[in-house]
Amino acid sequence: MIVVALVVPLVVGFVLIIARSHVTGRRAAWIGAATMSVTLALYASVWEGREQNISGDVDVAWVEPLAARLHLGVTAVSWPFVLMTAFIGVLCCLWLVADDTSPALVGLVLVVSASSLGVFSSRDALLLFVFFELALVPMWFVIAYWGSGDRRRAATRFLLFTVAGSALLLVGIVIGALRGGTLDLADLRPTAIAVVLMTLGLAVKTPVVPLHTWLPDAHSSAPTVGSVLLAAVFLKLGTYGLLVFVGPSDDIEVVAPYLAVAGAIGIVWSALACYAQDDLKRLIAYSSIGHMGFVGLAISTRSEVGVAAAVFGSVAHGVITALLFFVAGSLKDRYGTTSLAGIGRGLYGRTPWLAVVFVVAIVASMGLPGLAGFWGELLALRAAYDGSIVLPSSVSWTAVGIALLGIALTTAYVVRAIRLLAQGEPAPRETDRGLGRREIVVMGSLVVVIGVLGLWPGLILDLLEPVYVVAAP
Amino acid sequence: MSIPIDWTVAGPATFAMIGALVALLVDAFYPRRTWLGSGIPATVGLLAATVELARGDLPSYPFAFSLIVLMGSLFVVVASTIKNFENAMPPGEYHFLLMAACAGALLMVSASDLVTLIVALELLSLPSIALVGLRQGDTAAVRSAWTFFLASVTSTAITLMGISLLYGIAGSLDYGQLREALVDADAPDGVVAVAVVLTVIGLVFKLGAVPFHLWVPDTYLGASILVAAFLSTVSKAASLGALLTVLAVALPTAQASWEPVVGVVAAVTMTVGNIGALRQSDAVGLLAWSSIAQAGFLLAPAVALSTPYGLSAPTQYLAVYALANLVAFAALAVVLRLRGSTRLDDLRGMARNDPWMGIPLAFAALVLAGFPPAVIGLVTKYLVIRPVVDGDHVWLAVIMGVNVMLGLAYYVRLVVTLCDRPEGEPYVSPSPPVSVRITKSTVLLGTAALLALSVWPDLLLTHLP
C-alpha cells in the first residue's frame, strides 16, 4: 500500500509537468488534490497499531553489494509526520485551484510532497537519502520560477546549503553502515565522528542557529505553496533525520549539549529577529527557527518525553506555519505585498474572518494552551528540565532558562504583529474582501486540526509511549 | 634470447592494432576516403578484441579495466561518425591513431612489469597527442597538442627516473618480484619512498590529477569533442587501471610512503577541479574541469587498497563515470554540429526544445553529480566513500562529501540551464546529415543504459568485480 501511495503522486506529478500544456491549471489542481487525498487515505489506513514495530512493511532486495534494500514502512515516530505531510499536500493542491495556476507547479508540488513522504516512510538509509535529495531540484524550480523578489539567488542558496548538509549526512551514513553491517535504519551504528557529521548536516536542514541563514530568504521568496511546503514539510526532514539518525545513537552525548544550547539560543534569536521584521513572510520564516529550537532541545535529551515533544512539536509547527503562510498568501493576493506597513492596520474591521484566522494561527504559534503549539513547547521544556543521561542538568537547565527568555520575547513579537495588523483604526481599501471558497476550506481545516491537536494531544502522544522502550540503551 | 609473450594479455591489443592498420590501409588505397571506409574496420577490430578478451582468462581487475577501455573506444569510434564530411579531419589517420591509443591502453592495464607499462604508456600517449592536433588548419589544436606533448614527456621522464631507481633497489622490474624485493630492501627508506613517488607521478599525470592537471582543460578545449571524450574516459581508465595495479601488486609493501601522497593528491585534485569547473561558461570546459574533480574521486579509494572494497570501488565508479561522460561529450558533439556552439547560454532550454539531446545531457550530468533521480551516480559515490572510511581516513571522506556538494553546484547549474525556458528560437542546422543520427543513437543507447542502472544498480555492481 505504501508503494502505491508513493508512486501515484510521483507519476501523476511527472505527467502533469510533461503534459502541462494539455491541461488547465484548475483541473490540474483538482487532479493533484484527488491524488494526494488517495495517498493520505492509504497512509491513514496502513497503520497496524503500535504493537507492530513497523506498519505496512515492504522489504525487497535492491543493491546487494551495499546491503541496501527497498524497505518501506511507518513507525510510531514517522506516522504523524507522514499524515501531516500528506494533509499539507492536499491543502496545497486545493489552494492552487484557481485560474492563474500553472499545471507544472501542481506537478512539482506533488513530486516534492511524494519525495518527502518517501523520506518519512523509508526504513533504509540509502533509500531515505535518495528521497531526501529527490525533492531538492523540484523545490528549486518552485522557488525560482514562481517566487518573488530575488528568487533565483534565494533558491540557489537554499539548494547549496541543503546539499552541503546532505553531503555530510552521506558520509555519516557510510560510517554508520560500515559499523552496523547494513543500511537498515534500525541497525546503523554511527561512531562519534559520524554523529557529529550527521548532526551538522541535518542542522542545516532543520535549521539550527547559526546554520539558518538560507531560510529567511528561501521562505519569503517562495510562492505561497512553496513557503508552506518548505516550512511545514522540508524543515521536518531535518528534525525527522535527527530523530532517526542521531537520537538512537549511543554517541549522542557528543553533540547533545551543543544541540540543546543552540536550540535554546535559536528561540531567543528568532524572537528578536521577528520583532524587527516588517515583512510578514520573513517574520513567519524566522519564527520557524524558534520552533525548531524547541524541537532540537527536545531531541538532545533523548528521553521518552523528548521524543514525544519533538514529534508533537514538528507536527504542530507544520500545521500552524502552513496556516500562517496561507494567511500571508491571502494577504498578498489582496494587497500585493506582505509588508506589515503595506497591508495596513485594522484587519478586524476590513476582512474580519481573515484577521481571526491570522490571530488564531499566530497565538497558536506563540504556544497558547488549548491550541496545538502549546504541547510541543511544554513537553520540550519538561524534557530538558528533567535532564537525562546524555545531557547534564547544568546544561539543560541553562537551556531551559534561555528558552524561557525566548518565550517571553516570542509573546512580544506576537503581540506586536497582532497590533500592527489586526487591531487599530481600519483604513479600508478597495481590495478588502472576505474569504473565498478555497480559503475557507484550506484555512478552516487547518484551524480545526490545530484545535483538535490542542485539545486532544493524546492523538499523537499515545502513539509514542512505547518508543522509549525501543530507544532505551 | 627469446621474449615470452602472454597472448591472453596481448591478444585484444593485437586485434586493436590489426584494426588500426586495416583502417589506415583502406583509407590509403580506397580513393574516396569516406568516414565509414575506415570506421568499419576500426569497429570490427574493437569487436574482435572484445571477443578475444572474453575468450581469454585475464584476472578479474585487468579484465574489467580492459572491458571499460574497449567499450569506451567503441563508443567513441561509433559516435565519431558525426565527423563524416568534416573535411579538416582525415578519417584514416583518425581511426589509426585512436585504435593505436586503444591498444596502448589495453596493454597498460594488463601489464605485469614496469617496462611493458612504460612502452604501453607511450603507445597510449603519442597517438593521443597526435589526435589532439590532427584537425587540419586549426592552430589552437596544434597549440593544445604541444602543451599536452611537453607535459606528457616531462612526466614520463620523471616516471622513468623513478623506475630506474626502483630497478636499482630491487634488481627487477617484474611486479611480483618488486613486491618481494621491497619487503626488506637494503636501500634506505628515503630512497624507496622517492623511487615509489616518482614512479607514480607519470600515471597520476595521465589521470589528470593535481599538480599535473593544467593540460586537461587546455587540451580538451583545443581537441575535437570526441577526442576529449576519448582522453577523459579511455585514457583515464587505462592510467587508473595501471596505477591501481602497480600500487596493489608491485608496491603494497611501500604503502606507507605512497598512501599520504595519494590521499592528499586526491583531496586537492577534486577540490581544484570543482572550483575550476564552477567558473566555466562553456559546457566542454565545464566537463573538462569536472573530469579533473572526478579523477580525485577515482584516486581517493586507493588510500585503502588493502581493505575489501579498495579495488572494486574505483573500478565500478570508473565504469559509471566513463559511460556518463561519454554520453555527455557525444551529446555535446551533436550540439556543436547542429547549433555551432556549446556555450551554456546557447544550451538554455535544450531539454524543452530538443528533448532527445537535452534530457540525456541533463541525466548524464546528474549521474556525474551523484544526484537522484540518477541513483547509480549516488550509489557509486557511496561506493568510493566506503573504502576511504573503512581505511580510517575520515578526513578524506569529509572532503569528498564537501566536493560532492561543490560538484552539484555546477552540474545542477547545467541541468537547470538545460531545463530553463528558452530565450527565443536557437539556431539549428536545417538539414542534419544521416551521420548525426548514428551519434544521436549512441547517446540514446548510453542514456538508456544509465537509466537501467539507476533503476537496478545491481546490474552493474554484481557483474563487475
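The values are calculated or read from the model by the stated rules, or taken from the named source; none is laboratory data. No experiment lies behind these values; they were computed from the predicted model shown. Because the Cβ atoms are built from the backbone with ideal geometry, glycine has one as well, and the counts that use them run over all protein chains shown.
Just a few scattered comments:
- The set of residues in region B:353-384 being within 14 Å of another protein chain (Cβ to nearest Cβ), in a helix (DSSP H, G or I) and of a type in the set (Gly, Ala, Ser) consists of B:GLY358, B:ALA362, B:ALA365, B:ALA369, B:GLY377.
- Test: residue in region B:238-258 that is in contact with a helix residue (DSSP H, G or I) (Cβ under 9 Å, 6 or more places away or on another chain), of a type in the set (A, V, I, L, M, F, W, C), closer than 26 Å to B:VAL142 by Cα and at pLDDT 85 or above: yes
- One residue stands out in region A:407-449 among those that are of a type in the set (Gly, Ala, Ser) and farther than 26 Å from A:CYS92 by Cβ: the one that is modelled with the lowest pLDDT, namely A:ALA427.
- Every pair of residues 6+ apart whose Cβ atoms lie under 7 Å, when the first sits in region B:109-133 and is free of Cβ contacts under 8 Å to residues at least 40 places away in the same chain and over 20 Å from B:ASP6 (Cβ atoms) while the second is in a loop (DSSP other than H, G, I, E, B) and of a type in the set (Gly, Ala, Ser): none
- Among the candidates A:TYR275, A:TYR286, the residue that is of a type outside the set (A, V, I, L, M), over 17 Å from A:THR206 (Cα atoms), touching a residue at least 60 places away in the same chain (Cβ under 8 Å) and in the same structural domain as A:LEU211 (by TED's automatic domain parsing) is uniquely A:TYR275.
- Filter result (among the polar types (S, T, N, Q) and closer than 21 Å to A:GLY107 by Cα) within region A:193-246: A:SER221, A:THR224, A:SER227
- Pairs, first within 23 Å of B:VAL434 (Cβ to Cβ) in region B:331-354, second in a strand (DSSP E or B), C-beta under 7 Å, six or more apart: B:THR342/B:ASP282
- Residue check for B:ALA365: assigned by TED's automatic domain parsing to the domain that holds B:ALA267, without any contact (Cβ under 8 Å) to a residue 60 or more places away in the chain and buried (at least 24 other Cβ atoms within 10 Å of the Cβ): yes
- The set of residues in region B:67-105 being within 20 Å of B:ALA324 (Cβ to Cβ) and not hydrophobic (A, V, I, L, M, F, W, C) consists of B:GLY72, B:SER73, B:SER80.
- Some residue of region B:342-352 being in contact with a helix residue (DSSP H, G or I) (Cβ under 7 Å, 6 or more places away or on another chain), of a type in the set (Lys, Arg), at the interface with chain A (Cβ under 10 Å from one of its Cβ atoms) and closer than 22 Å to A:MET139 by Cβ: no
- Of all residues in region A:292-311 being over 21 Å from A:VAL268 (Cα atoms) and not β-branched (Val, Ile, Thr), the one that is surrounded by the most Cβ atoms within 10 Å (Cβ to Cβ): A:ALA308
- Helices (runs of 4 or more DSSP H) contained in region A:311-366 and holding at least 2 residues touching a Ser or Thr at 6+ places or on another chain (Cβ under 9 Å) and assigned by TED's automatic domain parsing to the domain that holds A:ILE460: A:352-366
- Which listed residue, of B:ALA266, B:ALA304, is under 21 Å from B:MET400 (Cα atoms), aliphatic (A, V, I, L, M) and touching a Phe, Trp or Tyr at 6+ places or on another chain (Cβ under 9 Å): B:ALA266
- Residue under evaluation A:VAL174, criteria (1) touching a helix residue (DSSP H, G or I) at 6+ places or on another chain (Cβ under 6 Å); (2) more than 12 Å from chain B (Cβ to nearest Cβ); (3) buried (at least 22 other Cβ atoms within 10 Å of the Cβ), criterion not met: (2)
- Flag not set for A:LEU136, criterion: in contact (Cβ under 8 Å) with a residue 60 or more places away in the chain, of a type in the set (A, V, I, L, M) and under 19 Å from B:VAL404 (Cβ atoms).
- Looking only at residues of region A:443-458 that are closer than 9 Å to A:ALA316 by Cβ and among the aliphatic types (A, V, I, L, M), we find that the one that is surrounded by the most Cβ atoms within 10 Å (Cβ to Cβ) is A:LEU453.
- Some residue of region A:81-102 being farther than 21 Å from A:SER220 by Cβ, part of a helix (DSSP H, G or I), touching a residue at least 12 places away in the same chain (Cβ under 8 Å) and in contact with a strand residue (DSSP E or B) (Cβ under 8 Å, 6 or more places away or on another chain): yes
Residues are listed down the side, and each one gets a yes or a no for (1) within 13 Å of chain B (Cβ to nearest Cβ); (2) basic (Lys, Arg); (3) within 20 Å of the chain's Cα centre (by Cα); (4) part of a helix (DSSP H, G or I):
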site: A:SER148; (1), (2), (3), (4): no, no, no, no
site: A:ALA155; (1), (2), (3), (4): yes, no, yes, yes
site: A:VAL163; (1), (2), (3), (4): yes, no, yes, yes
site: A:LEU168; (1), (2), (3), (4): yes, no, no, yes
site: A:ALA186; (1), (2), (3), (4): no, no, no, yes
site: A:VAL204; (1), (2), (3), (4): yes, no, yes, yes
site: A:PRO207; (1), (2), (3), (4): no, no, yes, no
site: A:PRO210; (1), (2), (3), (4): no, no, yes, no
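- Selection status of B:PRO59, without any contact (Cβ under 8 Å) to a residue 12 or more places away in the chain and either surrounded by fewer than 19 Cβ atoms within 10 Å (Cβ to Cβ) or in the same structural domain as B:ARG32 (by TED's automatic domain parsing) (or both): yes
- Inclusion of A:VAL327 among residues that are over 17 Å from A:TRP375 (Cα atoms) and touching a helix residue (DSSP H, G or I) at 6+ places or on another chain (Cβ under 9 Å) is warranted.
- When A:LEU243, A:LEU215 are checked against the criterion of being touching a Pro at 6+ places or on another chain (Cβ under 6 Å), in contact (Cβ under 8 Å) with a residue 12 or more places away in the chain and either in the same structural domain as A:THR101 (by TED's automatic domain parsing) or crowded, with 24+ Cβ neighbours inside 10 Å (or both), a single residue qualifies: A:LEU215.
- Test for A:ARG27: is it among the charged types (D, E, K, R) and either surrounded by 20 or more Cβ atoms within 10 Å (Cβ to Cβ) or touching a Phe, Trp or Tyr at 6+ places or on another chain (Cβ under 9 Å) (or both): no
- Any chance B:THR439 is in a helix (DSSP H, G or I), at pLDDT below 90, closer than 30 Å to B:VAL268 by Cα and more than 10 Å from chain A (Cβ to nearest Cβ): no
- Output for region B:21-54, where each listed residue is polar (S, T, N, Q) and part of a loop (DSSP other than H, G, I, E, B): B:THR34
- Restricting region A:227-261 to residues that are among the hydroxyl-bearing types (Ser, Thr, Tyr) and assigned to a helix (DSSP H, G or I), the residue that is farthest from A:LEU381 (Cα to Cα): A:SER227
- Matching residues, region A:127-136, being at the interface with chain B (Cβ under 8 Å from one of its Cβ atoms) and over 13 Å from A:SER113 (Cα atoms): A:PHE129, A:VAL130
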